[in-house]
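What follows is a set of notes on a single structure, which appears directly below.
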Amino acid sequence: MGFVVKNTTRCGLLDLLCPHTCRGCGRLGAVLCECCKNDMLAKNEWICPVCKNAFAKSSESCKNNGGDSLSYLGHCPECEVKFENLWVGGWREGVLEKMVEEYKYQSVRAMDVEMVELIDRRIPEDFGEDEEIVVVPLPTIGRHVRERGFDHTLELAKKLAKRRGWKCERVLTREADTVQVGAKVAEREEQAKKAYVVRGGLDANKHYILLDDVWTTGASMRAAEKVMRAAGAVRMSVAVIAVSRSKN
């Protein structure tokens, strides 16, 4: 645990002595200034993480859930998925890529608030008003948590749940600590099949939102979905901060 204490102490001292600068324009004071944040939030596109296509926001990009308002589906109608919604913050490039990488690998904890706001803005404001929502983080490999000093997906999930008044539950646990970075698609699929397990049963009346920082091939999400359904989950959606353009 010595490394964890050292790592988190170092980050705290750096934040105190060296104030953050905007990763977009370099302005002093925050990891993302209001102008750059508004530019990121104003992008007029939805991203389908399955086929890696982007399309303009319009009523055609939505599905009607039986009411008067349209709710964003989050993937192309031609793409076959087992989730009710797929919400994406943006492409894993530019400013957003910097934020994800620094948060995940350099423990720049101030990034989480900005990334949670980004994904929160992609989810309809009235989503979940008539049902119980549970945010479920995809579990991080144990040794990565120890190296970084925190579980980055858990922190994101907790903040999103608090922002919306939802619950955050660690439904999934790691059965295997395989590292997917650099692995090919087929290898990722095989690794993901053995990665997760659900301890106990899940409530069919709850709507579970699986949350992760990056979607590359979707293997992890599909594997998590499979074990959660086997445990009793019925309604499931996905929220992911960034999507890699590459399908590999």
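The values are calculated or read from the model by the stated rules, or taken from the named source; none is laboratory data. Since the structure is predicted, the reported quantities are computational estimates derived from the model, not experimental observations. Don't worry about glycine lacking a Cβ; one is built from the backbone with ideal geometry, like all the others, and counts go over all protein chains shown. Each accessible area value is taken on the protein alone, full model and side chains, heavy atoms only, with ligands, DNA and RNA left out. Shrake-Rupley method; radii C 1.70, N 1.55, O 1.52, S 1.80 Å.
Extending 7 Å from the Cα toward the beta-carbon at both residue 146 and residue 28 defines two label points whose distance is 4.0 nm. Highest average first, the peptides 200-208, 94-102 ordered by how many other beta carbon atoms sit within 10 Å of their residues are 94-102, 200-208. Once the Cα-Cα distance is subtracted from the 0.36 nm per residue extended length, the residue 121 to residue 55 segment shows a gain of 22.0 nm.
The residues packed around residue 33, meaning those with a beta-carbon under 11 Å from its beta-carbon, carry a net charge of 0 if Lys and Arg are +1 and Asp and Glu are -1. In the context of the full set of protein chains, the range 66-166 has a per residue accessible area of 44 Å² (1.4 Å probe).
Rolling a 1.4 Å probe across the protein heavy atoms gives the range 190-247 an accessible surface of 39 Å² per residue. Counted by Cβ distance under 9 Å from residue 205, the other residues give a net charge of -1, where Lys and Arg count +1 and Asp and Glu count -1. For residue 226 and residue 80, the FRET efficiency from 1/(1 + (r/R0)^6), where r spans their Cβ atoms and R0 equals 25 Å, is about 0.95.
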